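Each remark here refers to the structure printed beneath this line.
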Amino acid sequence: KRPLMTQAALNGADIALITSDNPRTEDPEQIFADMKAGIDFSTHVMYEIHDRREAIKFAVQKAQAGDIVVIAGKGHENYQEIDGVRHWFDDVIEVQSAIDTQHHTPDSACPAQ
């Protein structure tokens, strides 16, 4: 089902980004390989960022006025499970942090004159 989920993300999107979502005991490299199986990348723009926090930051930074960013996968979960250990992680907080950081950069705080 992983390639189907990737294809669903690509359908209708200008850009898609795949990242980690609870790899549990699976090899993340294999998960990414499964997700990309059979996808024609000559017709799609897709990024692969393994660190979910960095992927969220990238998506927020890449977004332009009028864009819609969809962050899917975790829903209500507030953890990232890796090798049987649940690490605290909340998509909503990470998105807000990325937005706050973007809006408080020196460039945005001091517009060029």
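The values are calculated or read from the model by the stated rules, or taken from the named source; none is laboratory data. Quick caveat: nothing in here was measured; it's all calculated off a predicted structure. Please note: Cβ atoms are built from the backbone with ideal geometry, for glycine as well, and neighbour counts cover all protein chains shown.
General observations
- Counted residues, region 30-55 - those being exposed (fewer than 14 other Cβ atoms within 10 Å of the Cβ), in a helix (DSSP H, G or I) and either small (Gly, Ala, Ser) or modelled with pLDDT under 95 (or both): 1
- Extreme residue, surrounded by the fewest Cβ atoms within 10 Å (Cβ to Cβ), among residues of region 56-113 that are of a type in the set (Ser, Thr, Tyr) and either at pLDDT 95 or above or under 14 Å from the mean Cα position of the chain (by Cα) (or both): Tyr79
- Residue in region 70-87 that is of a type in the set (Val, Ile, Thr) and closer than 21 Å to Ala13 by Cα present: yes
- Among the residues of region 56-68, not a single one is in a helix (DSSP H, G or I), within 22 Å of Lys1 (Cα to Cα), without any contact (Cβ under 8 Å) to a residue 60 or more places away in the chain and touching a helix residue (DSSP H, G or I) at 6+ places or on another chain (Cβ under 9 Å).
- Ala72 vs. criteria of a type in the set (Gly, Ala, Ser), touching a residue at least 24 places away in the same chain (Cβ under 8 Å) and not in a loop (DSSP other than H, G, I, E, B): no
- Any hit, region 8-17, residues being of a type in the set (Gly, Ala, Ser) and surrounded by fewer than 12 Cβ atoms within 10 Å (Cβ to Cβ): yes
- Selection of region 18-29 for residues being outside any loop (DSSP other than H, G, I, E, B) and surrounded by fewer than 16 Cβ atoms within 10 Å (Cβ to Cβ) yields Arg24, Pro28, Glu29.
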